[in-house]
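Each remark here refers to the structure printed beneath this line.
The values are calculated or read from the model by the stated rules, or taken from the named source; none is laboratory data. Not measured: the values here are computed from a predicted model. Here the Cβ positions follow ideal geometry from the backbone for every residue, glycine too, while neighbour counts run over all protein chains shown.
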Amino acid sequence: TGAAAGSPSPNAADAAALPRLVLVDLDGVSRTPRFWGDTSIWRAVVRLNASLSHVSSITRTDRLRFLKRMMLAPGRSDRDWKLVWRDLEQRTDRKLRDKARRRRWKLEHYGRT
């Protein structure tokens, strides 16, 4: 049996480890998607990356580790991680620009966000 969530680890090596915060953005994710294809996965990953862009405790290394793990799904390879990383960065930048544009439009037309 493992330790309950939030309880100290029984391992001596883990006892000195700092607490770890895990953020999960579930906004826009349905409970039972009809089809969880590449498009849906990438949309969710871009959304997660964009929503955590201001969190300084999540480093680029953390993001890359996540991406490479995701790419190692059955039948996949992480060989092209650099191309995928650049694509993710471009999509995230576009999402953040679009979000800023929508926010400006709302402020101009409604005076609030």
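The residues of region 66-81 that are within 15 Å of the chain's Cα centre (by Cα) and exposed (fewer than 12 other Cβ atoms within 10 Å of the Cβ) amount to a single one, 69. Taken over region 68-95, residues that are within 26 Å of residue 20 (Cβ to Cβ) and either at pLDDT 90 or above or touching a Cys at 6+ places or on another chain (Cβ under 9 Å) (or both) amount to 4. Entry remark, region 41-93: residues being outside any helix (DSSP H, G or I), under 16 Å from residue 27 (Cβ atoms) and not β-branched (Val, Ile, Thr) number 3 in total. Considered as a group, the residues in region 82-113 that are more than 14 Å from residue 42 (Cα to Cα) and among the aromatic types (Phe, Trp, Tyr) include one that is nearest to the chain's Cα centre (by Cα), and that residue is 105.
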